[in-house]
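J.: Structure incoming, see below.
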Amino acid sequence: VIVADKGAGQLVMLTDADHDGVAEDSKVVDRNLRNVHSVVEYKNDLYVGEETRVDRYEGFKVDGTYAKKTVLAQLPGGGGHVTRTVVIGPDGNLYVSIGSSCNLCEEKDERRASVMVFDLDGQHGRVLARGLRNSVGLAFRGNDLWSVDNGRDLLGDYLPPEEVNIVRDGKHYGWPYCYGDRQTNPEYPTKIDFCHNDTEAPTFLMQAHSAPLGMAFAPDTTLPGLAGKLLISFHGSWNRTVKTGYKVVWVDPAVPGTATTNLISGWLDDSGKVWGRPVGIDFGPDGTLYVADDQAGAIYRLTASSS
């Protein structure tokens with residue numbers, strides 16, 4: 001398991017040599033990385049998202065060594081959202097989500113609050129879609145790129161809903177002028193027509209302030225009943241009167257608009273105490289689900305019971 005450890009600024013490889021489900025060895029692949037957040041393997045190379053760039057570790061080997069490190073693309077940095085999520089599409093292109101620099105503002109840099117697309121070597125970068133305030137989670141389902149977007153703060157406990165979007169080329173998803181299903185933010189009252197007519201509606205709406213950060217489509221080899229479902233990790237609220245989130249949920253991508261179903265919960269106990277905050281989620285080649293928790297500093301694995 002290759003881990004982007006944002007807090008430590010490291011890329012780490014965890015090895016479970018005896019296949020007992022617990023990593024015996026931890027090796028630092030690279031260090032001194034700036035807000036490193038995501039890593040994906042593609043054709044024996046690792047593609048890694050730092051706050052201000054995308055790196056490629058070429059010829060990555062099972063012992064954690066690699067032939068060469070190359071900086072592929074420079075990205076904007078600073079502001080409140082510093083994670084950069086990198087995925088490789090079925091077209092072989094590189095897709096990167098870049099959050100906004102603020103809670104609510106008109107960005108000067110068009111690359112903020114967007115998803116960008118690059119050639120695999122980092123060339124010919126362009127904005128694919130706009131108005132995505134902080135789409136930390138990205139995943140492909142067939143040829144469609146899906147994202148989970150974190151809504152703005154300071155509209156109360158129940159607004160705005162978090163979103164799942166299908167990211168289309170050239171489309172605008174509303175931020176900063178709109179939230180949820182094309183509702184106009186009170187700070188931009190003149191944008192009503194723009195919100196209604198020129199932005200894309202979300203595919204799913206979810207509980208406000210849940211902070212969805214990770215997403216993954218379950219493969220056919222996974223846990224019973226989950227094949228094809230979209231799994232989403234909720235990092236949890238920070239500005240809500242009653243805490244919400246702190247769990248992993250699923251939705252059926254074939255039935256847009258339905259509510260989420262809890263898969264893993266309990267990081268928020270009945271007294272309101274939080275002891276874990278899920279972030280990244282991914283599936284191993286055998287369908288095992290891995291969940292990273294940046295409060296407990298742990299990675300969990302979920303498999304089907306043998307009984």
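The values are calculated or read from the model by the stated rules, or taken from the named source; none is laboratory data. What you are looking at is a predicted structure, and each value in this text was computed from that prediction instead of being measured. Here the Cβ is made from the backbone with ideal geometry for all residues, glycine too, and neighbour counts use every protein chain on show. The area values use the complete protein model at the heavy-atom level, side chains included, leaving out ligands, DNA and RNA. Shrake-Rupley method; radii C 1.70, N 1.55, O 1.52, S 1.80 Å.
J.: Which one is nearest to Leu226 (Cα to Cα), of the residues in region 264-296 that are open to solvent by 70 Å² or more (accessible area, probe 1.4 Å) and touching a strand residue (DSSP E or B) at 6+ places or on another chain (Cβ under 9 Å)?
T.: Asp282
J.: Determine the pairs where a residue that is within 13 Å of Glu162 (Cα to Cα) and aliphatic (A, V, I, L, M), located within region 204-229, has a partner that is open to solvent by 40 Å² or more (accessible area, probe 1.4 Å) and in a loop (DSSP other than H, G, I, E, B) with Cβ atoms under 7 Å apart, the partner being 6 or more residues away or on another chain.
T.: Cβ pairs passing all conditions: Leu205/Asp181; Met206/Thr260; Ala208/Tyr158; Ala208/Leu159.
J.: Could you list, in sequence order, the residues of region 135-150 that are part of a loop (DSSP other than H, G, I, E, B) and within 17 Å of Asp169 (Cβ to Cβ)?
T.: Within region 135-150, Ser135, Gly142, Asn143 qualify.
J.: Shifting gears a bit: Could you go through region 241-263 and let me know if any residue there is open to solvent by less than 60 Å² (accessible area, probe 1.4 Å) and modelled with pLDDT under 90.
T.: No - not one qualifying residue is present in region 241-263.
J.: Any idea which residue in region 161-195 is farthest from the chain's Cα centre (by Cα), counting only those that are closer than 23 Å to Lys229 by Cα and outside any strand (DSSP E or B)? Steps first, answer last, please.
T.: Keep residues of region 161-195 that are closer than 23 Å to Lys229 by Cα, which gives 161-168, 180-181.
If we keep only those that are outside any strand (DSSP E or B) too, we end up with 161, 168, 180-181.
Numbers: Pro161: 17, Arg168: 17, Gly180: 18, Asp181: 21 Å.
Going through the qualifying residues, I end up with Asp181.
J.: Conditions: (1) within 28 Å of Glu51 (Cα to Cα); (2) of a type in the set (Phe, Trp, Tyr); (3) open to solvent by 10 Å² or more (accessible area, probe 1.4 Å). Tyr158 meets all but one. Number of the miss?
T.: With respect to (1) within 28 Å of Glu51 (Cα to Cα); (2) of a type in the set (Phe, Trp, Tyr); (3) open to solvent by 10 Å² or more (accessible area, probe 1.4 Å), Tyr158 is out only on (1).
J.: In region 289-306, what residues are touching an Asp or Glu at 6+ places or on another chain (Cβ under 7 Å) and at positive phi?
T.: Correct list: empty.
J.: Could you run through region 109-134 and say how many residues are surrounded by fewer than 20 Cβ atoms within 10 Å (Cβ to Cβ) and assigned to a loop (DSSP other than H, G, I, E, B)?
T.: 10
J.: Under the condition of being within 23 Å of Gln295 (Cα to Cα) and of a type in the set (S, T, N, Q), which residue from region 187-226 is surrounded by the most Cβ atoms within 10 Å (Cβ to Cβ)?
T.: Among them, the one singled out is Ser210.
J.: Let me ask another. Pairs under 7 Å by beta carbon, first residue in contact (Cβ under 8 Å) with a residue 24 or more places away in the chain and at negative phi in region 1-24, partner open to solvent by 40 Å² or more (accessible area, probe 1.4 Å) and basic (Lys, Arg), six or more apart or different chains?
T.: Short answer, once both residue conditions are applied: Gln10/Arg31; Met13/Lys27.
J.: Output the residue which, of all residues in region 227-236 that are of a type outside the set (Lys, Arg) and open to solvent by 10 Å² or more (accessible area, probe 1.4 Å), is farthest from Asp282 (Cα to Cα).
T.: In this case the residue turns out to be His235.
J.: Let me ask you something else. Mind telling me which of the residues Gly99, Gly131 ends up being closer than 23 Å to Thr199 by Cβ and more than 12 Å from the chain's Cα centre (by Cα)?
T.: Of the residues listed, the single one that is closer than 23 Å to Thr199 by Cβ and more than 12 Å from the chain's Cα centre (by Cα) is Gly131.
J.: Can Leu132 be described as over 26 Å from Pro256 (Cβ atoms) and in contact (Cβ under 8 Å) with a residue 24 or more places away in the chain?
T.: Considered against the rule, which asks whether it is over 26 Å from Pro256 (Cβ atoms) and in contact (Cβ under 8 Å) with a residue 24 or more places away in the chain, Leu132 comes out as no.
J.: If you don't mind, there's one more thing I want to ask. Given (1) among the hydroxyl-bearing types (Ser, Thr, Tyr); (2) within 19 Å of Phe283 (Cα to Cα); (3) under 15 Å from the mean Cα position of the chain (by Cα), where does Thr83 come up short, assuming only one miss?
T.: Single failed check for Thr83: (2).
J.: Then there is this: Please verify whether region 274-282 includes one or more residues that are under 30 Å from Val12 (Cα atoms), part of a loop (DSSP other than H, G, I, E, B) and touching a residue at least 60 places away in the same chain (Cβ under 8 Å).
T.: Checked against the condition, which is being under 30 Å from Val12 (Cα atoms), part of a loop (DSSP other than H, G, I, E, B) and touching a residue at least 60 places away in the same chain (Cβ under 8 Å), region 274-282 yields no hits at all.
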